[in-house]
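Q: One structure follows; several queries about it will come next.
Each reported figure results from applying straightforward, stated rules to the coordinates on display, with no laboratory input. Fair warning: this is a prediction, and the values are worked out from it, not measured in the lab. Cβ placement follows ideal geometry from the backbone for every residue including glycine, while neighbour counts extend to all protein chains displayed.
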Amino acid sequence: MTAPIDNLIMNYPLTLPHFFERTRRIFPKKTLATRVPGVGLERMDYGRWAERTTRLAGALKALGVGKGDRVGTFAWNSHRHLEVYFAAPCMGAVLHTVNIRLSAADLTYIINHAGDKVLIVDASCWPTLEPIRKQLKTVEHVIVMKDTPGAQIPAGALDYEALLADARPMETWPALAETDAAGMCYTSGTTGHPKGAVYTHRAIFLHSMASSMTDVLGINERDVILHIVPMFHANAWCVPFAGVLNGATQIFGGPNPQPRDIVEIVHNERVTFVGAVPTVWIAIDAILEAEPRWNISSIRCIPIGGSAAPRALIEKFDKKYGAPMLHAWGMTEMTPLGTVCRLKSYMDALSDEERYAIRAKQGFVAGGVDMRIVDDAGLEQPWDGKSVGEIQVRGPWVIRSYYDNPESADRFTADGWFRTGDVASIDPEGYVQITDRTKDLIKSGGEWISSIDVEMMIMTHPNVLEAAVIAVPHPKWVERPLACVVPRPGTTVEPAEILEYLRPRLAKWALPDEVVLIEAVPKTSVGKFDKKVLRERFKGWTPKG
Ligand code: AMP
C-alpha cells in the first residue's frame, strides 16, 4: 500500500489574530494618524495601537461581549475605529460597521436585525442615534469616542478612553475557526430592507492577501494610505486590513472630510494610496484646477470605483497631476473586490487613445474570483466585448447567502454563483465593461441603452461637471433616456449644445430625448448618483414629440 499523499500541509486557520500579532511584533514603530478638525493629525504608532486594541478587547469582555456577539460601530474613519476592527474579531466577536448616513428607519432596522450588543459611536455621530436609542432593543451598552476637540460623553454612555484606561488587556485570543464571522456590513440597497453581508475571517484574510498583490492593489509597507472611503462602507474596501497586514502607514480622514482636507493631507503627508468614489475626485479636480500650489504626485495609486470612472478624469489625473487612477469594480457582497483595470505589458505599445479606452473599463477579475455573464434566458454569454449579460461571481470572499434573509435566496443561482445585478460585457482580453445596474438599463423600442455609456459621453464635454441619465416612460418607445446635467461652475452650457455634441458620438436611439440642467446630481449615502431621487423628480415628465 502506498503512503497517504494528500492533505500533508497544516490546516492553519486563516484568522485575523495572525495579522494582528505579526504586525504588533514587526511594525510597532510605523505610524497611524487621524485627522482632527481644526487641529491637524493626531499621530500614534502600531505599537500603541496594538496595546490599545488589547485593552479594548479586555473592556468589551468585561462588558459581557463574547463569541459571536455583534459589536456595532457608528463612526467616521479613525485609528480608534481600526482598534474596533481588530479587537472585536480577534476576541471572537463580530465587527458590524453601521453606515452613519442612513435614515432613522434603516438604522433602527439594521441595528435590531444584526442584534448589536454594544455600539461604539463617535461623539459627533451621536445626535443621529440618540432619537432612536430606545428602539434599539438588543443594545446593552453605548460607548462614545471623542472625535472632535471639546466633544462630550452623553449621559448614559461609556467613555471609550476611560474604558481603555481601566481595562485589563486581553493578552491571548480565543481559538477561532476561519469560518467564524469576523465582520458584517449592510448594503445600501435601493429596494426593500437593507441586507447584511457577513465576512468570515478567511474571506478577509484572503482578500487582504489578494489586495497586496502587485497586480491588484499592491498594498505594501512603503505605502502611506489615506482612508477616505468610509470604514462603514464595505470595510473601506477592506484596505485597513491589508494596511495592517503590511504595516503600511495609515492616515484616517476623521469626521466628515472634505475634498480640500484630502488634497491637504495628500500634499503634506506624501500620501501614496487613496481611494474614493468618482464624485470625490471630480470635486478634487476642481480644487486642483483653481489652486495649482497643491502637489498630489506622491500618489502611486488611486483606486476608483463605486460607480464608473469617467475616462477624461483618469487621463487628466495621469497627465496633469501625475496621480494614476486604477479603475476597480466590486460590491459589499464581495468584501468588496471583483476587478481592477491594469493594462497588460504588451498593451504599452498601444496608442494613448487605445490605452485610455481600456483603462476606463472596470478591468479583469482579480485572482481568486470566477466570473461569467449570463443573459435573461440563463445562457452564458461569450467574452466578445459585445454580448451583454448579468455578472455572476463566485470565490472565497463572495457571500453565499445574506444574513437571515430568506427572501433574497433568488440572488444565488442553483449552481452556486452570486447574481450581482450588474450588467456588463467582457472583451476577449477579459476586460469587463459595466453597462448598468439591471434596474438602471433603459429599454427603448426593443433596444437596450446603457445609461452609463450616455453619462460617460456627456461628461467628456468640457463644460459638464456631472451627468446622470434615467429612463422616463414613453408612449411609443416604452422608455426613453432623459439626461440630467450639471454645468461646470463658472461655465455655461445649453441643452441643445449637449445634444449636438452627442449626436455624432452615440447611436441614434441612445441619444437622450431631452437634456435638463440641474444644480447637482443627488447622491446616495456612499456618494453614488442616486437615480431613484431623479426618477421621482421627473416621473411626471412628458416627452417631446
Ligand atoms: P456597494 O455594495 O455599495 O459597494 O455597491 C456595489 C455596486 O456599485 C456594484 O454592484 C455596481 O453597481 C456599482 N459599482 C461599483 N464599482 C463600479 C465601477 N467601477 N463602475 C460601475 N459601477 C460600479
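Q: Please work out the Cα convex hull volume for the stretch 389-442 and give it in Å³ per residue.
A: Per-residue hull volume (Cα only) is 106 Å³.
Q: A further question follows. Could you please tell me the mean projected area of the C-alpha convex hull for the stretch 418-473, averaged over all directions and given in square nanometres to one decimal?
A: Taking a quarter of the hull surface, the average projection is 5.6 nm².
Q: Which values of log₁₀ I(q)/I(0), to two decimal places, follow from the Debye formula for the chain at q = 0.07, 0.10 Å⁻¹ with a uniform point scatterer at every Cα?
A: The computed values of log10 I(q)/I(0) come out as -0.41, -0.84.
Q: Treating the beta-carbon of each Lys and Arg as +1 and of each Asp and Glu as -1, no other charges, what is the dipole magnitude of the stretch 442-537 about its Cα centre, to the nearest 20 debye?
A: 260
Q: Next question, about the same structure. If only Cα atoms are counted, what is the Rg of the stretch 442-537, and what is its Dmax, in Å?
A: Computed over the Cα atoms of the stretch 442-537, radius of gyration and Dmax are 12.9, 40 Å.
Q: Dipole of the chain (Lys/Arg Cβ +1, Asp/Glu Cβ -1, origin at the Cα centre): which of THR413, GLY115, ASN11 lies farthest to the positive side?
A: GLY115
Q: Using a cut-off of under 16 Å, list every residue of the stretch 427-470 whose amide N is near the label point 7 Å from the Cα of ALA520 along the Cα-to-beta-carbon line.
A: 465-468, by backbone N distance to the label point.
Q: Quick check on the stretch 1-155: what does the Kirkwood estimate of hydrodynamic radius come out to from the alpha carbon pairs, in Å?
A: 17.2
Q: Using the 10 angstrom Cβ neighbour count as an exposure proxy, how do LEU326, LEU511, LEU337 rank, fewest first?
A: By the 10 Å Cβ count, ascending, the order reads LEU511, LEU326, LEU337.
Q: Tell me, LEU379, LEU102 in order of fewest to most beta-carbon neighbours within 10 Å?
A: Least to most surrounded, the residues fall as LEU379, LEU102.
Q: Under a point spin-label approximation (7 Å from Cα along Cα-to-Cβ), what is the LYS344-HIS267 distance to one decimal in nm?
A: Each label point lies 7 Å from its Cα, and together they span 4.1 nm.
Q: Still on this structure, please answer the following. Summing Lys, Arg as +1 and Asp, Glu as -1, what charge do residues with Cβ under 14 Å from the Cβ of VAL393 carry, VAL393 excluded?
A: -1
Q: Shifting gears a bit: Using the Karplus curve 6.51 cos²θ - 1.76 cosθ + 1.60 with θ = phi - 60°, work out ³J(HN,Hα) for each residue of the stretch 17-31 in order, rounded to whole Hz, and write x for Gly and Pro.
A: x, 4, 4, 4, 5, 5, 5, 4, 7, 8, 10, x, 8, 6, 8
Q: Considering only the chain, what is the antiparallel percent among its DSSP beta bridges, to the nearest 5?
A: Here the share of antiparallel DSSP bridges comes out near 60 percent.
Q: Same structure, new question: State whether the stretch 143-286 is rounded, prolate or oblate according to the following rule on the C-alpha gyration tensor (a ≥ b ≥ c being the square roots of its eigenvalues): a/c under 1.5 gives rounded; otherwise a/b larger than b/c gives prolate, and the remaining case gives oblate.
A: rounded
Q: For ASP6, ASP147, what ranking results if the residue with the fewest other Cβ atoms within 10 Å of its Cβ goes first?
A: Ordered by Cβ neighbours within 10 Å, fewest first: ASP6, ASP147.
Q: Same structure again: What spacing in nm lies between the two simple spin-label points modelled at ILE287 and ALA62, each 7 Å away from Cα in the Cβ direction?
A: Computed distance between label sites ILE287 and ALA62 equals 4.0 nm.
Q: Follow-up question, since we're still on this one. Under 1.5 on a/c is rounded, so check that first for the stretch 321-397, then, if it is not, pick prolate when a/b is larger than b/c and oblate when it is not; a ≥ b ≥ c are the square roots of the alpha carbon gyration tensor eigenvalues.
A: oblate
Q: Same structure, new question: Let me check I have the definition right: for the stretch 151-192, take the eigenvalues of the Cα gyration tensor, multiply each by 5, take square roots. What are those semi-axes in whole Å, largest first?
A: Gyration-tensor ellipsoid for the stretch 151-192: 29, 25, 6 Å.
Q: Moving on. Under 5 Å between amide hydrogens, which residues at least 5 positions from ARG437 or on another chain qualify, with H placed 1.01 Å from N in the peptide plane?
A: For ARG437, whose amide H was placed from the backbone, the distant partners under 5 Å are VAL423.
Q: Using a 7 Å offset from the Cα along the Cα-to-Cβ direction at both ALA165 and ARG535, what is the distance between the two label points in nm, to one decimal?
A: With each label point 7 Å from Cα toward Cβ, the separation is 5.3 nm.
Q: Which of ALA424, PRO259, GLN381 sits closest to the plus end of the dipole of the chain, meaning its Cα is farthest towards the positive end, when Lys and Arg get +1 and Asp and Glu get -1 on the C-beta?
A: With unit charges placed on the Cβ atoms, the residue in question is PRO259.
Q: If you plug each phi of the stretch 211-218 into the Karplus form 6.51 cos²θ - 1.76 cosθ + 1.60 with θ = phi - 60°, what whole-Hz ³J(HN,Hα) values come out, in order, with x for Gly and Pro?
A: Once rounded to whole Hz, the list reads 5, 7, 5, 3, 8, 9, 9, x.
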